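Q: This is the structure I want to talk about, given as structure tokens.
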Amino acid sequence: MLDQYNRNIHYMRLSITDRCNYRCSYCKSFTPLEHKDILSYEEILKICTCAISLGIDTFKVTGGEPCARLDYLSFIQRLKSLEGCKKVTITTNGYLLEKEDLDTLKKVDIDGINVSIDTLDSEHYRLLTQVDGIEKVISNVLYAKKIGLYIKINCVLLDELSESEILDLIHFGKRHDIPVRFIELMPMKDNKRAHRTKKDVLQLLSNVQKEEKEYGNGPACYYRSDQGLVGFIEPIHGKFCDSCNRIRLTSTGFLKACLFHKDGKNIRKYIDQNLEEVMREVIYHKPQAHDFEKRMVGMSMSEIGG
Ligand code: SAM
């Protein structure tokens, strides 16, 4: 449906858990919620069915770490089979996946998997995430690619990444034909810190040409270069609020119209009455733009659902 600024809102990010097996330095941990506070899969599916009736046809399953929640695979299968649901993707750190889970994701015809990898350097990866996991994650990425799943890698452009770590990721992407996207760090929950930008990455590349083709639901812009295909998502330096097409559902049922603003409503208690009206209201009043340039958000990405 169209919001008050005429943007077509058709993409919903679903956080199915606030819990994560990683403790990334920039995505602060917090006290996990109790199970009773988290929406059941039935509740999420009812919300998704209503969202579809309002024109939402694309869903991203996220968290926390979505693969940390029991039965997430059958949830994805049920979501995929909702009438009117066109596309379901997942974003994961890739560590909890087993090969048979990837086989199942292939079987249920998931439309894509974004794997978050900030560095391929095993020691740096361990320091950053508190998990000694890069080998397992890479092996999962390569297996997923082998069985024909559509994979993308997302890397947050932290200041502490060296030029060679950035280039290693780009070369890895080129070698295995996997798009790599660099994401600008957003100032959330005490993590205001220096970070790198698109310009820093582009200057490491030669023969850079802007790519016209789009690869996904969102705001990434891509460049081809001798080193490989590289995407960028720049919420601040390349602000894309004018074309933002998304809303978010937190694991507790808060329908959040913008990552930055507090606007929205906890829709859990409306699931069995007036849901459509309440969702319509929240979507219609989606704020015009974020204000990350001026201040930060008091919640971490894993609380909101990144
Ligand atoms: N655990 C899953 C994963 O690793 O993809 C899903 C949730 S995680 C919060 C989603 C993405 O948000 C990850 O790629 C993570 O790096 C990114 N992220 C977390 N905090 C961020 C921030 N402040 N700015 C930009 N991206 C952030």
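Q: Taking each full run of DSSP H in the chain as one helix, which ones are at least 15 Å long along their axis (Cα atoms) and have mean Kyte-Doolittle hydropathy of at least 0.5?
A: The qualifying helices are 41-53.
Q: Give the relative contact order (percent, whole number) for the stretch 142-257; include only Cα pairs under 8 Å separated by 6+ residues.
A: 23
Q: Specify whether the C-alpha gyration tensor of the stretch 1-152 places it in the rounded, prolate or oblate class, a ≥ b ≥ c being the square roots of the eigenvalues: rounded for a/c under 1.5, otherwise prolate if a/b is larger than b/c and oblate if not.
A: Prolate, since a/c reaches 1.5 and a/b exceeds b/c.
Q: Also: Counting helices only, and only those DSSP H runs with n ≥ 4, report the 222 nm mean residue ellipticity of the chain as the sum of -39,500 (n - 2.57) divided by its residues, in deg cm²/dmol to the nearest 500.
A: Working: 9 runs with 85 residues, N = 306.
Estimated from H runs of four or more residues: -8000 deg cm²/dmol.
Q: Also, I was wondering about something else. Which residues does the label zone of Lys145 cover in the stretch 85-99, counting backbone N under 16 Å from a point 7 Å along Cα→Cβ?
A: 94
Q: Let me ask something else about it. In vacuo Debye scattering of the chain, one point per C-alpha: log10 I(q)/I(0) at q = 0.10 Å⁻¹?
A: -0.53
Q: Probe radius 1.4 Å, ligands and nucleic acids ignored: give me the carbon and sulfur share of the accessible area of the stretch 11-304 as a rounded percent.
A: That fraction is 48 percent.
Q: I'd like to check one number: the per residue accessible area of the stretch 11-304, probe 1.4 Å, reported in Å² as a whole number. Walk me through the numbers before you get to the answer.
A: Values: 13340 Å² over 294 residues.
Accessible area per residue, the stretch 11-304: 45 Å².
Q: Moving on to the next point. When a/c reaches 1.5 or more, the comparison of a/b and b/c decides; with that in mind, is the stretch 150-306 rounded, prolate or oblate per its Cα gyration tensor?
A: Prolate, since a/c reaches 1.5 and a/b exceeds b/c.
Q: Also: Nearest 0.05, what FRET efficiency do Leu70 and Asp272 give at R0 = 35 Å with Cβ-Cβ as r?
A: 0.90
Q: Also, quick follow-up: Among all cysteines in the chain, which have no other cysteine Cβ under 4.7 Å from their own Cβ?
A: Within the chain, the cysteines lacking a partner Cβ under 4.7 Å are Cys20, Cys48, Cys50, Cys67, Cys85, Cys155, Cys221, Cys241, Cys244, Cys258.
Q: Pull up the DSSP beta bridges for the stretch 11-304 and report the antiparallel fraction as a percent, rounded to 5. It would help to have the intermediate numbers written out before the result.
A: On the way: 12 of 42 bridges.
That works out to approximately 30 percent antiparallel.
Q: Asn207 label point, 7 Å along Cα→Cβ, cut-off 15 Å on backbone N: hits in the stretch 173-187?
A: Within reach of a label on Asn207, which here means backbone N under 15 Å from a point 7 Å along Cα→Cβ, the stretch 173-187 contributes 174-175.
Q: From the alpha carbon gyration tensor of the stretch 25-90, can you work out the equivalent ellipsoid semi-axes (sqrt of 5 times each eigenvalue) and give them in Å, largest to smallest?
A: The equivalent ellipsoid of the stretch 25-90 has semi-axes of 24, 13, 12 Å.
Q: Rounded if a/c is under 1.5, else prolate if a/b beats b/c, else oblate: with a ≥ b ≥ c from the C-alpha gyration tensor eigenvalues square-rooted, which is the stretch 124-190? Provide the component values of the computation, followed by the final result.
A: Working: a/c = 1.78, a/b = 1.54, b/c = 1.15.
Prolate is the answer for the stretch 124-190, as a/c is 1.5 or above and a/b outweighs b/c.
Q: When the solvent-accessible surface of protein heavy atoms is calculated with a 1.4 angstrom probe, in what order do Lys136, Lys106 fall, highest first?
A: Descending order: Lys106, Lys136.
Q: What relative contact order, as a whole-number percentage, does the stretch 58-178 give when Cα pairs under 8 Å and 6 or more residues apart are counted? All intermediate terms of the calculation are to be shown ahead of the outcome.
A: Working: 152 pairs, mean separation 28.2, N = 121.
Computed over the stretch 58-178, the figure is 23 percent.
Q: For the chain, what does the relative contact order come out to in percent, with C-alpha contacts under 8 Å and a separation of six or more?
A: 23
Q: From the protein chains alone at 1.4 Å, what is the descending order of accessible area for Lys198, Lys28, largest first?
A: Lys28, Lys198
Q: Ranking request for peptides 202-212, 91-101: highest mean number of other beta-carbon atoms within 10 Å first, then the rest in descending order.
A: Sorting 202-212, 91-101 by mean packing, highest first, produces 91-101, 202-212.
Q: Starting at the first residue of the stretch 7-20, write each ³J(HN,Hα) from the Karplus equation 6.51 cos²θ - 1.76 cosθ + 1.60 with θ = phi - 60°, in whole Hz, x for Gly and Pro.
A: 3J(HN,Hα) across the stretch 7-20, in whole Hz: 8, 7, 8, 9, 10, 10, 9, 10, 8, 8, 7, 8, 7, 9.
Q: Which one of Val88, Val108, Val141 has the biggest mean-square fluctuation once the chain is modelled by GNM with Cα springs under 10 Å?
A: Of the options given, Val108 has the highest mean-square fluctuation.
The values are calculated or read from the model by the stated rules, or taken from the named source; none is laboratory data. The structure displayed is predicted, hence computed values, not measured ones. Neighbour counts are summed over all protein chains in view; Cβ atoms, including those assigned to glycine, are modelled from backbone coordinates with ideal geometry. Surface areas here come from the heavy atoms of the whole protein model, side chains and all, with no ligands, DNA or RNA. Shrake-Rupley method; radii C 1.70, N 1.55, O 1.52, S 1.80 Å.
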